[in-house]
Amino acid sequence: MKLNSDIKAIITGGASGLGEAVARNLAGAGAGVCLFDLNEEKGKALADELGGHFLRVDVSDPTSVAEGFRAARAAQGQERIMVNCAGIGVAARTVDRDGNPQDPAFFERVIRINLIGTFLCSSQAAAGMVAADPVTDDGERGVIINTASVAAFDGQIGQTAYSASKGGIVGMTLPMARDLSRDGVRVMAIAPGIFRTPMLAGLPQDVQDSLGAQVPFPSRLGDPAEYAALARHIIENSMLNGEVIRLDGAIRMAPK
């Protein structure tokens with residue numbers, strides 16, 4: 001799919017981190033962007049800068065998601081690109097040091113935001129895409145890119161909920177791609193390693209350097225712009241479908 005002003009994108013978690021980088025990349029290529037996020041101040045400022053739109057959407061709430069898609073399409077038309085970057089990266093052990101089991105509400109919250117939120121936005125986008133006309137000679141109608149994590153494969157201590165949520169994204173990539181193949185909608189997932197997101201950027205520099213040194217090559221934290229570059233390549237390379245790509249500098253996470 002070639003990017004131009006007729007191609008519209010929705011990006012969740014678009015106000016910062018990986019989502020912001022994707023928004024900047026796609027807008028720089030001429031595409032229209034609509035950002036879904038809970039941070040209204042940053043989201044509106046970025047949307048104004050990029051000439052796009054911002055909507056306050058809670059991806060874990062089906063009603064909020066449905067309303068967000070209606071408003072996005074009213075503002076910019078049918079999206080052809082859906083990039084799911086919204087998520088949380090909190091940790092808790094299965095049994096804490098006092099012998100208490102993990103709070104079920106904690107586990108459910110992580111699953112609801114990371115996994116169910118990704119599904120809700122993907123399914124809403126897919127419904128709109130399959131009803132639209134193709135945009136390429138191959139009959140392509142759209143592309144959905146979901147954000148997994150190396151934690152889906154190398155979950156660390158305290159990451160039962162997080163790894164389960166990201167593992168779910170990995171697991172639904174191929175069947176969702178197969179579901180939508182007859183209608184020309186591709187589905188991919190990116191599994192980033194350790195990236196310089198706002199959460200990590202707030203850590204002391206020596207801690208960031210230590211984390212980066214664990215990456216075989218290049219031995220540094222990933223730059224969100226590198227995630228965005230891969231997302232754009234996926235959009236532009238129509239043979240990429242139904243696959244999860246690790247973007248991690250060959251790291252394999254230790255238990256802790």
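The table below lists the values:
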item	result
Qualifying residue in the stretch 232-255 (condition: of a type outside the set (D, E, K, R), loosely packed, with under 12 Cβ neighbours inside 10 Å, over 25 Å from ARG24 (Cβ atoms) and at pLDDT below 95)	yes
Residue identified as of a type outside the set (Lys, Arg) and either closer than 20 Å to LEU18 by Cα or in contact with a Ser or Thr (Cβ under 9 Å, 6 or more places away or on another chain) (or both) among GLY184, GLY142	GLY184
Residues satisfying the stated conditions in the stretch 1-60, i.e. outside any loop (DSSP other than H, G, I, E, B), buried (at least 23 other Cβ atoms within 10 Å of the Cβ), touching a strand residue (DSSP E or B) at 6+ places or on another chain (Cβ under 8 Å) and small (Gly, Ala, Ser)	ALA9, GLY19, ALA23, GLY32, GLY43
Pick from the stretch 165-222, criterion closer than 24 Å to ALA15 by Cβ and of a type in the set (Lys, Arg), ranking: surrounded by the most Cβ atoms within 10 Å (Cβ to Cβ)	LYS166
Tally of residues being touching a Ser or Thr at 6+ places or on another chain (Cβ under 6 Å) and part of a helix (DSSP H, G or I) across the stretch 84-134	8
Any hit, the stretch 126-134, residues being among the hydrophobic types (A, V, I, L, M, F, W, C), buried (at least 20 other Cβ atoms within 10 Å of the Cβ) and in contact with a Lys or Arg (Cβ under 7 Å, 6 or more places away or on another chain)	yes
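The values are calculated or read from the model by the stated rules, or taken from the named source; none is laboratory data. As the structure is a prediction and not an experimental result, all values here were calculated from the model. Because the Cβ atoms are built from the backbone with ideal geometry, glycine has one as well, and the counts that use them run over all protein chains shown.
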